[in-house]
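Contents: one structure, followed by commentary.
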Amino acid sequence: MPTYVALLRGINLGGRRRVAMADLRSWLTDLGYADVRTLLQSGNAVFRTAKRPATVEREVEARLAEGTGFQVDCVIRTTDELRAVVEADPLGSVADNGSRYHVTFLRTAPAEPDFAPDAFAPELFHLGEREIYFWTPDGTIKSKVLAAFTPKKGEVATMRNWNTVTKLLALADS
């Protein structure tokens with residue numbers, strides 16, 4: 001049975017859209033998923049199920065809407081897909097702080113921007129298959145490269161820092 005990582009978008013930010021991780025674990029268990037575990041309070045879950053990724057995505061979103069009363073978008077990755085993200089590590093040669101090195105996970109391939117990867121140097125980006133890697137050495141709040149990648153209407157994207165990404169992979173592998 002494959003292990004999946006669910007990345008929830010936009011919960012528990014500044015006291016808004018609160019989702020208790022105990023509730024999330026309970027809801028995922030109610031869906032029949034096995035070995036449900038969560039990481040941090042930002043909507044990261046690891047579990048096993050024989051269901052297909054698209055089915056899992058729909059089920060998780062429907063159960064969260066039912067349990068919370070609001071829509072929560074979710075991006076799903078298999079353990080192997082998450083491992084490929086970590087192994088790629090395209091900005092690892094410059095990103096020396098895991099809290100300022102980010103991966104935005106998308107449901108679909110990212111659109112090619114009309115600017116170069118170093119257009120906002122020292123900030124950088126790299127396009128993956130369904131991810132965008134960002135190096136923001138001065139943080140995210142005033143980041144020009146992040147501002148240039150605002151999601152298009154209907155696009156589902158959620159960002160995690162490198163420390164969280166590697167901890168999720170370790171949890172999925174355990």
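The values are calculated or read from the model by the stated rules, or taken from the named source; none is laboratory data. Small disclaimer: the values here were computed from a predicted structure and weren't measured. We place every Cβ from the backbone using ideal geometry, glycine too, and count neighbours over all the protein chains shown. Protein only, heavy atoms only, side chains kept; ligands, DNA and RNA dropped before computing areas. Shrake-Rupley method; radii C 1.70, N 1.55, O 1.52, S 1.80 Å.
So what does THR104 come to for accessible area, using a 1.4 Å probe and Å² rounded to 10?
THR104 has an accessible surface of roughly 20 Å² with all protein chains in place.
Provide the gained length on full extension for the span ALA65 to SER26, in nm with one decimal, where the gain is 0.36 nm per separating residue minus the Cα-Cα distance. Mind showing how you got there, number by number?
Values: separation 39, 0.36 × 39 = 14.04 nm, distance 1.41 nm.
The span from ALA65 to SER26 would gain 12.6 nm if fully extended.
Give the value in nm², to one decimal: projected area of the alpha carbon convex hull of the chain, averaged over all directions. Can you show the working numbers first?
On the way: hull surface 39.2 nm².
About 9.8 nm², averaged over all directions.
When the chain is fully extended, how far beyond the present Cα-Cα distance does VAL86 get from ARG52, taking 0.36 nm per residue of separation?
Once the chain is fully extended between VAL86 and ARG52, it gains 10.0 nm.
If you average the alpha carbon positions of region 50-86 and of region 92-148, how far apart do those two centres end up, in angstrom?
Each part's Cα centre sits 23 Å from the other's.
Short version: ³J(HN,Hα) in whole Hz for each residue of region 23-39, in order, from phi by Karplus 6.51 cos²θ - 1.76 cosθ + 1.60 (θ = phi - 60°), x for Gly and Pro, what are they?
5, 4, 4, 5, 5, 5, 5, 4, 6, x, 6, 9, 6, 6, 9, 10, 10
Which shape class applies to region 40-117: rounded if a/c is under 1.5, otherwise prolate when a/b exceeds b/c and oblate if not, where a ≥ b ≥ c are the square roots of the Cα gyration tensor eigenvalues? All intermediate terms of the calculation are to be shown ahead of the outcome.
Numbers: a/c = 1.89, a/b = 1.79, b/c = 1.06.
Since a/c reaches 1.5 and a/b is larger than b/c, the shape of region 40-117 is classed as prolate.
Let me check something: with ligands and nucleic acids excluded, how do PHE120, PHE105 order by accessible area (1.4 Å probe), largest to smallest? Can you show the working numbers first?
Working: PHE120 55, PHE105 0 Å².
Result of the area sort, largest leading: PHE120, PHE105.
With charges set only on the Cβ (+1 for Lys and Arg, -1 for Asp and Glu), what does the dipole of region 4-45 come to about its Cα centre, in debye to the nearest 20? Write down the numbers at each step before the final one.
Numbers: 6 positive and 3 negative charges, 53 e Å.
Computed about the Cα centre, the dipole is about 260 debye.
With axes computed from alpha carbons, what is the tilt in degrees of helix 162-173 against the longest principal axis of the chain, rounded to the nearest 10 within 0 to 90?
Rounded to the nearest ten degrees, it is 40.
Could you check which residue among VAL94, VAL103, VAL46 shows the biggest mean-square fluctuation in a GNM of the chain with a 10 Å Cα cutoff?
Comparing VAL94, VAL103, VAL46 in a Gaussian network model of the chain, the most mobile one is VAL94.
Can you order the peptides 123-134, 106-117 by their average number of other Cβ atoms within 10 Å per residue, highest first? Each step should come with its number before you reach the end.
Numbers: 123-134: 19.9, 106-117: 12.8.
Ranking, from highest mean packing down: 123-134, 106-117.
Taking springs between alpha-carbon atoms closer than 10 angstrom, which of LYS144, LYS51, LYS152 fluctuates most in the Gaussian network model of the chain?
Answer for the Gaussian network model of the chain: LYS152.
Which of the aspartates and glutamates could be linked to LYS142 by a straight reach, that is with a Cα gap under 18 Å, when you skip same-chain ones fewer than 8 residues away?
Correct list for LYS142: ASP118, GLU123.
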